[in-house]
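Heads up, the thing below is written out as structure tokens.
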Amino acid sequence: MEESQTFSADSYFATQLPPASLDTDVKGVRAFLEKQREHGRKVVLVTSGGTTVPLELNVVRFLDNFSAGTRGATSAEYFLKAGYSVIFMHRQFSLQPFSRHYSHSTNPFLDFLEIDSPPPPTSDAPYPYTHDPPSPAPIQPQITVTPTERVALASVLRAYKAVHEQGTLHTLTFVTVNDYLWLLRAVSQEMSVLKRNAMYYLAAAVSDFFLPRQKMSEHKIQSGKGSLHIEMDQVPKVLKPMVAEWTRDGYIVSFKLETDQALLIPKAKQALERYGHQVVIGNDLHHRKHRVVLVTPAPSSPPKVGDQAKQIDGPVATKYVESWIEIDPSPPPSAAPKEIEEDIIDELLKRHQAWIEGEIIPRN
Ligand code: PMT
């Protein structure tokens, strides 16, 4: 393999090809943003799901980053509920707002349906299932939802239909880390016209390493020559140009995933120092559904007593504020279901509003 090199964001985009659908995607985003601006709505870009790194140009094998897309899909719903318009940029086939409630693995939709009419007559088939049209006259089956599921389904369905009617959700898909980077840059640049009315909520799990197309094998890598050695290059840290060049005054929230909780605060502070954005949400893999920490540069005035925020020292003169959000990991069965994203979004809405009103000093 050739020697590895360090890619800046500029050299990355100068040498790696954009996804074929980029121009069409950008046109769609532009039209969506125009409509949202007419209505004076705030817009949030939510990125969600993992990114793949293909090992071959005719791809058979790839590396993947962990993420089911739960955080992104759930958060998008709470943003919509709060009146934001959402560009939901997600990994193909990862969870999506609304349909996530009936994911095929945890809540199979077909289990909630009942057929009230008798099955059509079949020949000797071992079970009443066929792709052939029934003959002679098809009986129109009556399909209903299991009574115990109706209230929950109706609530999801109402929200889903309302969002579609209002046109406040726009969906984009990516698969590879290359698709993700090109899309992220293009969408951020389009959204920059919204200035402070734009929020960027980066929950996708982005690969740190990739194989430039110039180094990829064209065809499937053949086995039989012993172990496989691949040297990957580092993906440029795109948060830096995103903050400094692509977005204008937007409110940027990034996530930090760790498996060692002790690293959350130092890593979050490091990210804020390096990239100069507004919030890092630290989550550790095993507790991410009921405990997260929001780390922000300290405002000019110290946090109020009792707001549960704690001022912590950074290595230089900068101070940071950490605010933990927790929900009960094992609530009693009688308790109303609660998702931590509801509290995360609630907190971010207040902070974004303060940012819009200029209470928070803009980044330089
Ligand atoms: O979908 P779920 O199963 O619910 O899981 C949700 C989650 C755990 C994946 C999510 O909450 C989360 O933590 N997402 C971020 C995971 C991640 O990629 O962390 P990171 O440490 O690799 O990246 C931190 C930040 O740096 C990210 O905001 C990323 O946008 C940024 N980054 C990363 C790579 C890169 N090349 N450039 C970047 O700027």
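Bear in mind these aren't lab numbers, they're just calculated from the coordinates by the rules spelled out. Keep in mind the model is a prediction, meaning the values are calculated, not measured. With ideal geometry, Cβ positions are generated from the backbone for all residues, glycine too; neighbour counts draw on all protein chains shown.
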Please give every one of the lysines within straight-line cross-link reach of K237, meaning a C-alpha to C-alpha distance under 21 Å, and leave out same-chain neighbours fewer than 8 residues apart.
K215, K256, K267, K269
Subtracting the Cα-Cα distance from 0.36 nm times the residue separation, let me have the gained length for V59 to E245 in nm, one decimal.
63.7 nm
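Run lengths n ≥ 4 of DSSP H only: what is the helix-derived mean residue ellipticity at 222 nm for the chain, with -39500 (n - 2.57) per run over all residues, to the nearest 500?
Working: 7 runs with 97 residues, N = 364.
For the chain, the value works out to -8500 deg cm²/dmol.
When every alpha-carbon pair in the chain is counted, what percent end up more than 32 Å apart? The partial results should precede the final answer.
Values: 27779 of 66066 pairs.
Value for the chain (Cα pairs over 32 Å): 42 percent.
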Quick note on E342, E38, ordering by fewest other C-beta atoms within 10 Å, gives E38, E342
Rounded to whole Hz and in sequence order, give me ³J(HN,Hα) for region 22-36 from the Karplus expression 6.51 cos²θ - 1.76 cosθ + 1.60, θ = phi - 60°, writing x for Gly and Pro.
4, 4, 5, 4, 5, 4, x, 5, 4, 5, 4, 5, 4, 5, 5
With label points set 7 Å from each Cα along the Cα-to-Cβ direction at E359 and L285, the distance between them in nm comes to 3.8 nm
Around S217, which amide H atoms from residues at least 5 apart in sequence, or from another chain, sit under 5 Å from its own amide H, with H modelled in the peptide plane?
L57
State the extension gain, in nm to one decimal, for the chain segment bounded by L157 and I327, taking 0.36 nm per residue of separation less the distance between their alpha-carbons.
58.6 nm
What residue among T146, T52, T74 shows peak mean-square fluctuation when the chain is described by a Gaussian network model with Cα springs under 10 Å?
T146
Distance between the C-alpha centers of region 228-261 and region 12-49? Whole Å please.
18 Å
With θ set to phi - 60° and the Karplus curve 6.51 cos²θ - 1.76 cosθ + 1.60, what are the ³J(HN,Hα) couplings of region 209-217 in order, to the nearest whole Hz, using x for Gly and Pro?
10, 8, 10, x, 4, 5, 9, 7, 6
Could you work out which residue, out of I265, I139, I345, moves most in a Gaussian network model of the chain, that is, has the largest mean-square fluctuation with Cα springs under 10 Å?
I139
Residues of region 20-58 with amide nitrogen under 18 Å from the 7 Å Cα-to-Cβ point of F93?
48-56, 58
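Calculate the FRET efficiency for H164 and S117 from the Cβ-Cβ distance with a Förster distance of 35 Å, rounded to the nearest 0.05.
Values: r = 30 Å, r/R0 = 0.85.
Between H164 and S117 the formula returns 0.70.
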In order through region 332-341: 3J(HN,Hα) via Karplus (6.51 cos²θ - 1.76 cosθ + 1.60), integer Hz, x for Gly, Pro
x, x, 6, 6, 5, x, 10, 10, 4, 4
Search the structure for amide H atoms under 5 Å from the amide H of A205, placed 1.01 Å from N in the peptide plane, and list their residues when 5 or more places away or on another chain.
G49, G50, T51
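Work out, step by step, the length gained on full extension between A20 and F109: first 0.36 nm times the residue separation, then minus their alpha carbon distance; give nm to one decimal.
Numbers: separation 89, 0.36 × 89 = 32.04 nm, distance 3.34 nm.
Net length gain for the segment: 28.7 nm.
Rounded, prolate or oblate: which fits region 2-114, taking a ≥ b ≥ c as square roots of the Cα gyration tensor eigenvalues, rounded meaning a/c under 1.5, else prolate when a/b beats b/c? Write out the running numbers ahead of the final one.
On the way: a/c = 2.37, a/b = 1.25, b/c = 1.90.
Verdict is oblate for region 2-114.
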Largest fluctuation, V53, V43, V145 only, Gaussian network model of the chain with Cα springs under 10 angstrom, belongs to V145
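Arrange Y320, Y201, Y102 by Cβ neighbour counts within 10 Å, fewest through most, would you?
Numbers: Y320 20, Y201 28, Y102 17.
Going from least to most buried by this count: Y102, Y320, Y201.
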In nm, to one decimal, how far is the F209 label point from the Q189 one, both placed 7 Å along Cα→Cβ?
3.0 nm
Counting DSSP beta bridges in the chain, what percent are antiparallel, to the nearest 5?
40 percent
Under a 5 Å amide H to amide H cut-off, with H placed in plane at 1.01 Å, what residues pair with L172 once short-range neighbours are removed?
F88, M89, H90
